[in-house]
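Encoded as structure tokens, the structure appears first; notes follow it.
The values are calculated or read from the model by the stated rules, or taken from the named source; none is laboratory data. Being a predicted model, the structure only gives us computed values, none of them experimental. Counting neighbours? That spans all protein chains shown, and the Cβs are built from the backbone with ideal geometry, glycine included.
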Amino acid sequence: MDLGLEVLFKGRNLIRLLGGLGMALKISLIAVLISIPLGILMGSFMTVKNRVVTLILRFYLEFIRIMPQLVLLFLVFFGTTRAFGLNVSGEAASIFVFALWGTAEMGDLVRGALQGIAAHQYESAYALGMTKAQTYFYIVFPQTVRRLIPLSINLITRMIKTTSLIVMIGVVEVLKVAQQIIEANRTASPNAAFGVYLFVLLMYFAACFPISRLAGYLEKKWR
Amino acid sequence: MNPDFIYKVLPLYKDAAVLTLQVGFIGIFLSVLIGLVCSLIRYYKVPFLTGAVAVYIEISRNTPLIIQLFFFYYGLPKIGFKMNAFVCGAVGLGFLGGSYMAEAFRSGLEAIAKVQIESACSLGLSGLQTMRYIIFPQAFALSFPAFMANVIFLLKETSVFSAISLMDLMFTAKDLIGIYSKTAESLFLLVVFYLIILLPVSLLGSYVERRLGRHGFGS
């Protein structure tokens, strides 16, 4: 049976597909690099005892959480043009949306990790005569980081999976390249769709599987 | 914002929401079925099948739904499996959700202490009875928060169905923006309809989680 796999090895098709994945990975990497510091900031602010601050952050988090990421992409991509007359490129819109989403998710992880530190840890540190800064630096911070690293690695795989949506606002990434290749080879290999999409699926798997394995390993090790 | 326009296109959004919910519910039902079967296979360590289930779970969890849908909808027909967009959407959601549900159920099943099963055994309960009366009720309560989180996640994932040209909410919004260039109204309705679908489920989820926590099920 013709599985349309030969198309992959024609010309520069393989390299083009990998380049498409590179585009998705680049956007997720930039978004993650923005979200981690902002998320840490947001998570720390979510634990302060100021009702206004926590309420605003809570609202932001819940709105971002409840909306499908594709809706957020549409809101920014189509909405900004309308509201500000700006013509945002698909790439810029997706980096913005994924950073917004990543910050919310990361913020919630940081909040959870910070609130997970038992009160007696603070009390013991103060009883030992540590200052507030010392308590945070030597007691709270190391424990939080240990809990956070596996979770933030998991966030990276979620980010990579979510960036596959950017094809819907016209960014040229894996799926777009795949469509172009299938279209170009329609007569020569009519079954290209099977081989090419299977390859794309496996490519995403190859990108995400090692990262989620690493996260799982660290989670077990540092429990 | 133009109220007349909103009033005019409201039925379109309503139809799209109904379609989204139909595919979503069938897909979630499929994922619960797949999840139950997979978690039981892993729990009882059925030979051969355990390995197959592990491979399925890893593939399903480490690939995005949109790619899975493209493969099912455009790839599989080339080797003789044809599905219409509606069926494909439900199957795709089931394929994705099955692994998430399996993990949720498995964590519930594995949290039941071994001594409970041994006690059931010594009371003369059969394997099936132990599952029905001892393991299942506790495991169900334990995995319920994860189950609700998965339902919300899967309902959100339905937004990618427009990729296989199912006339869902995203499709409708994009269409209306393209035809009438009434961006604000179209996006407003899109957000409102997703809130109508997702907010009750999300509130129910946190309510149930609080209740289960308060009564200390399985803790």
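Points to keep in mind about this one:
- In this entry, residue A:72 passes the filter for residues that are at the interface with chain B (Cβ under 10 Å from one of its Cβ atoms), buried (at least 19 other Cβ atoms within 10 Å of the Cβ), in a helix (DSSP H, G or I) and not aromatic (Phe, Trp, Tyr).
- Per the conditions (1) under 27 Å from the mean Cα position of the chain (by Cα); (2) exposed (fewer than 11 other Cβ atoms within 10 Å of the Cβ); (3) of a type outside the set (Lys, Arg); (4) over 26 Å from residue A:69 (Cα atoms), the sole criterion not satisfied by residue A:115 is (2).
- Among residues that are of a type outside the set (D, E, K, R) and crowded, with 19+ Cβ neighbours inside 10 Å, residue B:57 is included.
- Within segment A:110-204, helices (runs of 4 or more DSSP H) holding 2 or more residues that are under 30 Å from residue A:30 (Cα atoms) and either within 14 Å of another protein chain (Cβ to nearest Cβ) or not aromatic (Phe, Trp, Tyr) (or both): A:141-163, A:174-184
- For segment B:91-116, the set of residues classified as of a type in the set (A, V, I, L, M) and touching a residue at least 12 places away in the same chain (Cβ under 8 Å) consists of B:91, B:93, B:96, B:101, B:102, B:104, B:109, B:111, B:112, listed by residue number.
- Filter result for residue B:206 (within 14 Å of another protein chain (Cβ to nearest Cβ), assigned to a helix (DSSP H, G or I) and buried (at least 21 other Cβ atoms within 10 Å of the Cβ)): no
- Matching residues in segment A:80-94 - criterion: being surrounded by fewer than 22 Cβ atoms within 10 Å (Cβ to Cβ) and assigned to a helix (DSSP H, G or I): A:80, A:81, A:82, A:83, A:84, A:90, A:91, A:92
- Boolean, residue B:102 is on the phi < 0 side of the Ramachandran plot, crowded, with 16+ Cβ neighbours inside 10 Å and in a helix (DSSP H, G or I): yes
- Qualifying residue in segment B:30-53 (condition: within 13 Å of another protein chain (Cβ to nearest Cβ), assigned to a helix (DSSP H, G or I) and under 24 Å from the mean Cα position of the chain (by Cα)): no
- Hey, residue A:126 on the phi < 0 side of the Ramachandran plot and either without any contact (Cβ under 8 Å) to a residue 12 or more places away in the chain or of a type in the set (Lys, Arg) (or both) or not: yes
- Every condition in (1) of a type in the set (A, V, I, L, M); (2) at pLDDT 90 or above; (3) farther than 28 Å from residue B:155 by Cα is met by residue A:64 except one, and the failing one is (3).
- Residue tally, condition more than 10 Å from chain A (Cβ to nearest Cβ) and of a type in the set (A, V, I, L, M, F, W, C), over segment B:172-196: 5
Residues are listed down the side, and each one gets a yes or a no for (1) of a type in the set (D, E, K, R); (2) surrounded by fewer than 15 Cβ atoms within 10 Å (Cβ to Cβ):
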position	(1), (2)
A:161	yes, no
A:164	no, no
A:182	no, no
A:190	no, yes
A:209	no, no
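Here's the yes/no breakdown for (1) surrounded by 16 or more Cβ atoms within 10 Å (Cβ to Cβ); (2) of a type in the set (Gly, Ala, Ser); (3) under 20 Å from the mean Cα position of the chain (by Cα):
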residue	(1), (2), (3)
A:130	yes, no, no
A:139	yes, no, no
A:175	yes, no, yes
A:194	yes, no, no
A:222	no, no, no
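- Residue in segment B:79-91 that is surrounded by fewer than 16 Cβ atoms within 10 Å (Cβ to Cβ), in a helix (DSSP H, G or I), of a type outside the set (A, V, I, L, M) and within 14 Å of another protein chain (Cβ to nearest Cβ) present: no
- Cross-chain or 6+ apart pairs with Cβ under 7 Å, segment B:197-218 first and at pLDDT 75 or above, then surrounded by 11 or more Cβ atoms within 10 Å (Cβ to Cβ) and among the small types (Gly, Ala, Ser): B:197/B:17; B:205/B:149
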